[in-house]
Structure formats: C-alpha cells, structure tokens
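Remarks on the structure that follows.
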Amino acid sequence: MADMPLLRAETADEEIRLMAAGAWTAANAAELERRMEAVASDASTARPAVVDMRAIEQLDTYGALLLERLSRAWAGRGQTMRVVALADRYQGLLCELHPSTHPGSKIAARQQFVTAHVTFLCRT
C-alpha cells in the first residue's frame, strides 16, 4: 500500500499553510476526501492559503483533481490559494487538468484580459 496521504493546516502570519504529503492517488481516495473536507470546513482556515506539496511522494489524476477542488473551495469563499514546491514531474499533470492556469497559455491571457475588463466595468 502506498504511503498514507496527509493534509494538515498550520497558521502562518495572515495565511494558512496546508502541508501535503504522501501518496495523493486514487488508492487513497477515502482518506484524502476525509482530510480535505476537514480542512475545507474548518472556519479558522478562511484566509488565503499556500499548499506546500514538497512532501508528495505520488500524485495521479485523482490527486490533481482533488487539489483543483480544494482550490475551488478556497475561491468559493473569496480566498486565494497557491500551490508551491510541487515536483517538476507533476507539473504537466496539473497543466493538463487546468490549462488556463498555466502562465504562458493563451487561455490564461484571455481570462486575465476579460477579468480585468469586467473588474473595470464593475467599478465605473
């Protein structure tokens, strides 16, 4: 069995640091879901977050989708979330799942353009 996944929250200044570790894979789906729900439903985590992925040993499509879901949960409550220290070998997987977040993508550029204009229009 792969190493058990971990997701725990630590308060750091004005943000939450989510420490991820172990195998974020479909084989650990039940445990990952339980841990993610506990962190996402904790009222004390309602602030910007950084997900530190340096201790991830395995990441498959399921784990990447779960990370995307966690990011959406944060966005849904008006907070930002950044993923840091994800091994290079997994970067492509995240870009495939959500190409619009890849910094050089045309989709990201279009989304930023539209967002900037909508923000401008809403302020005038």
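The values are calculated or read from the model by the stated rules, or taken from the named source; none is laboratory data. It should be emphasised that the depicted structure is a prediction, and the values quoted were computed from it without experimental measurement. All Cβ positions, glycine included, derive from the backbone under ideal geometry; neighbour counts span all protein chains shown.
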Going by the structure shown, is Ala21 assigned to a helix (DSSP H, G or I) and closer than 21 Å to Leu94 by Cα?
no
So, of the residues in the stretch 55-100 that are within 15 Å of Ala12 (Cβ to Cβ) and not hydrophobic (A, V, I, L, M, F, W, C), which turns out to be farthest from the chain's Cα centre (by Cα)?
Gln79
Restrict the check to the stretch 41-54 and report whether at least one residue is closer than 17 Å to Leu86 by Cβ, loosely packed, with under 13 Cβ neighbours inside 10 Å and not aromatic (Phe, Trp, Tyr).
yes
Okay, helices (runs of 4 or more DSSP H) sitting entirely in the stretch 34-124 with 1 or more residues that are of a type outside the set (D, E, K, R) and modelled with pLDDT of 90 or more, I get 61-76, 88-97
Does any residue of the stretch 24-36 turn out to be over 19 Å from Leu93 (Cβ atoms), surrounded by fewer than 17 Cβ atoms within 10 Å (Cβ to Cβ) and touching a strand residue (DSSP E or B) at 6+ places or on another chain (Cβ under 7 Å)?
no
